[in-house]
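What follows is one structure encoded as structure tokens, with my remarks underneath.
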Amino acid sequence: MVLILKQSIRKYGKGLALIVILLIVWEGIALLIQNNYILPRLGEILSVLLQPAAPVLGGESLIQNTIQSLKEVLTGFLCAAAIAIPLGLLIGWSKEVQIYLNPTIQILRPVPPIAWMPFAIAWFGIGFNSILFIIGMGAFFPILINTVDGVQGVRLRWIEVADTFHATTFEKLRTVILPGALPVIWTGLRVSFGVAWMCVVAAEMLPGTTAGLGYLIMYAYNLGQLQVIGAGMIIIGIIGLGADTLFRAGQERLFGWQGRE
Amino acid sequence: MEPVLSIDGITKTFRDGETSCPALAGVSFDVAAQEIVCLMGPSGCGKSTLLRIIGGLDYADAGSIGQTSGNKDKKPSAAMVFQDHALFPWLTVYENIVYGLRLSVQNLPEEEITKRAESLLDLTHLNAFALSYPHQLSGGMKQRASVARALAIKPSVLLMDEPFSALDTFTRRELEDEVVRIRQDLKTTFLMVTHNPEEAVYLADRIVILSGRPGVVAAILPVDLPYPRDPADPAFIRIREQVTRMIQGKS
């Protein structure tokens with residue numbers, strides 16, 4: 001136990017040092033200016049975080065808001081992946097398809113997902129479906145682009161092996177192209193999840209929403225409760241970090257062969 | 001003996017826009033059942049191209065490939081081993097070996113697949129590594145797994161494109177010995193491209209020598225030495241030197 005602690009300190013200590021310094025600076029300035037509407041004390045943020053199941057500002061609890069945001073992100077992310085991966089396989093596989101689709105994709109890709117908000121509200125109304133659409137838009141392109149790259153980077157020799165065994169086109173896609181491209185697709189998923197997480201918070205800040213971390217932040221802002229905003233931001237950051245860590249761990253477990261073939 | 005593979009007038013020219021590069025010009029020879037034939041020649045004489053055409057990875061402009069077994073159904077009758085082992089890195093050794101067997105074209109029951117895989121793991125001494133991934137194996141083991149994968153579909157001829165040239169001398173000799181043993185055990189026919197005259201004389205019943213650019217058959221040299229062959233044997237050395245001279249175009 002002590003050993004594990006020592007190892008973690010050695011591994012993460014240097015990175016944590018800066019966080020500790022920032023917290024001290026924050027607390028110092030907060031003490032100096034004594035104004036909760038500019039800089040809330042750390043203790044106040046902490047007291048919000050330490051009561052995750054209690055109603056916040058007369059509304060839902062931190063946990064409920066977090067679950068709402070996670071639900072939206074996961075749904076949007078999975079929908080985006082379900083469309084982007086097959087489409088990416090098709091585009092990467094067929095030059096012809098790529099020629100037809102590429103200009104459209106390249107024009108749509110740089111549009112910030114939030115810019116779709118007015119259309120989203122016009123098409124899907126206020127609420128879950130609109131937020132889903134925004135998240136989907138944000139999550140879609142990183143997955144698509146990486147899937148196309150991944151497919152195009154699959155070693156020709158592997159495809160030739162499948163050819164010598166007379167694999168059908170579908171078998172080649174399933175047994176060679178998809179697994180060969182998967183490490184790059186995985187990177188796309190990782191990036192995409194980060195984007196989706198940013199989108200959900202932004203989308204929930206828009207009028208008409210009634211739950212979620214983004215909503216909570218905006219609501220707290222209207223009431224001047226900056227300690228709640230701080231707590232919300234910390235949760236967002238920690239969940240983002242957690243997701244990224246999971247994706248990285250998955251990468252090492254699943255694709256240990258990468259770069260060693 | 002009836003040939004399992006007859007190569008008849010294979011001609012191939014690579015075209016890239018305006019430039020065209022003749023690779024093969026009417027190459028013909030037969031490979032008999034259970035024969036080991038080595039294909040040699042200077043760089044760029046089209047040896048690999050010929051192998052790829054036989055393996056179905058490339059098309060000939062003219063000529064034909066006749067294979068006695070196969071082509072009645074869609075099953076491949078030739079299997080290929082590449083210089084780089086070309087194993088799928090995301091599959092275990094076992095899964096790599098059964099790759100070709102699991103494809104719909106083979107339509108095999110799972111028991112048959114397991115049976116074949118196990119006997120091939122025995123044959124190539126990879127039992128202990130069945131569940132390892134390619135990157136966990138040595139170069140020699142990778143190439144043995146690659147040979148096992150190719151043999152799994154019971155090909156009428158095993159095509160090998162410089163299969164051992166990336167290996168160190170000792171591993172290489174070990175695998176060459178296994179080729180001879182596999183031929184004996186499984187009655188396999190081999191057509192193998194090699195750059196190494198010693199390897200060719202060590203293994204081949206006949207050596208087909210192509211001349212360069214475009215490739216045509218310059219000579220077919222029978223190697224009449226009993227197996228196992230001894231590279232220090234004066235007769236062996238004589239043939240090896242003869243092969244070397246022929247490839248250099250000096251005789």
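The values are calculated or read from the model by the stated rules, or taken from the named source; none is laboratory data. Just so it is clear, the model here is predicted, and its values are computed rather than measured. Ideal geometry is used to build each Cβ from the backbone, glycine not excepted, and the neighbour counts take in all protein chains shown. For accessibility, only protein heavy atoms count, side chains too; no ligands or nucleic acids. Shrake-Rupley method; radii C 1.70, N 1.55, O 1.52, S 1.80 Å.
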Helix axis angle, B:169-186 relative to chain B longest principal axis, alpha carbon, degrees:
80
Note to self, chain A gives a 222 nm [θ] from helices alone (DSSP H runs n ≥ 4, -39500 (n - 2.57) apiece, / all residues, nearest 500) of -25500 deg cm²/dmol
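With 19 Å as the cut-off, how large is the P(r) tail for the range B:195-251, expressed as percent of Cα-Cα pairs?
Every Cα pair in the range B:195-251 considered, those over 19 Å come to 23 percent.
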Treating only the Cβ of Lys, Arg, Asp and Glu as charged (+1, +1, -1, -1), what charge dipole size does chain B show about its Cα centre? Round to the nearest 20 debye.
280
Express the relative contact order of chain A as a whole percentage, based on alpha carbon pairs under 8 Å and six or more residues apart in sequence.
23
Among A:A203, A:G240, A:A181, whose Cα sits farthest toward the positive end of the charge dipole of the range A:62-254 (+1 at Cβ of Lys/Arg, -1 at Cβ of Asp/Glu, about the Cα centre)?
A:A181
Scale the Cα Rg of chain B by the rule-of-thumb value 2.2 N^0.38 Å and send over the ratio, two decimals.
1.01
Quick one: the Cα spread of the range B:76-224 along its three principal axes, in angstroms, biggest first?
46, 32, 29
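Could you work out Rg/(2.2 N^0.38 Å) for the protein assembly as shown, with Rg from alpha carbons only?
1.36
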Using +1 at the Cβ of each Lys and Arg and -1 at the Cβ of each Asp and Glu in the protein assembly as shown, identify which of B:F29, A:T147, B:P222 lies farthest towards the dipole's positive end.
A:T147
Evaluate E = 1/(1 + (r/R0)^6) for B:D61 and A:R157, where r is the Cβ-Cβ distance and R0 equals 22 Å; express this FRET efficiency to the nearest 0.05.
0.40
Below 8 Å between Cα atoms, with a sequence gap of 6+, how large is the relative contact order for chain B in percent?
27
Per residue of A:154-161, other chain Cβ atoms within 10 Å number on average 5
From the phi of every residue in the range B:195-208, what ³J(HN,Hα) in whole Hz does the Karplus formula 6.51 cos²θ - 1.76 cosθ + 1.60 yield, where θ is phi - 60° and glycine or proline is x?
9, 9, x, 5, 4, 4, 5, 5, 9, 7, 6, 9, 10, 9
For the range B:85-155, with only Lys/Arg (+1) and Asp/Glu (-1) charged at the beta-carbon, what is the dipole magnitude about the Cα centre, in debye rounded to 20?
240
Mean separation of Cα contacts under 8 Å (at least 6 apart) over the residue count of the range A:15-96, i.e. the relative contact order in percent, is 12
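What order do you get for A:165-176, B:85-96 when each peptide is scored by the mean count of other beta carbon atoms within 10 Å, highest first? Intermediate results must be reported in sequence, preceding the final value.
Values: A:165-176: 17.8, B:85-96: 22.6.
Sorting A:165-176, B:85-96 by mean packing, highest first, produces B:85-96, A:165-176.
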Greater than 18 Å separation of Cα atoms is the criterion. Which listed pairs, B:K142/B:K187; B:K47/B:K74; B:K75/B:K154; A:K172/B:K74, meet it?
B:K142/B:K187; B:K47/B:K74
According to the Cα gyration tensor, what semi-axes, each the square root of 5 times an eigenvalue, does the equivalent ellipsoid of the range A:62-254 have, listed from largest to smallest in whole Å?
37, 19, 11
Could you tell me the accessible area of B:I153 in Å² (1.4 Å probe, neighbours in place), rounded to the nearest ten?
10
About the Cα centre of the range A:109-227, how large is the charge dipole given +1 on each Lys and Arg Cβ and -1 on each Asp and Glu Cβ? Please answer in debye to the nearest 20.
120
Expressed as a whole number, the average count of other chain Cβ atoms within 10 Å around the Cβ atoms of B:101-112 is 2
Please give the Cα centre distance for the range B:74-110 versus the range A:173-197, rounded to the nearest Å.
25
Compute from the Cα atoms of the range B:96-165 the Rg and the Dmax, the latter being the longest Cα-Cα distance, and quote both in angstrom.
12.1, 36
Roughly what % antiparallel, to the nearest 5, for the DSSP beta bridges in chain B?
55
Output field shielding_mean for B:75-87 (other chain Cβ, 10 Å radius) holds 3
Which whole-number percent of Cα pairs in the range A:167-246 have a distance greater than 20 Å?
51
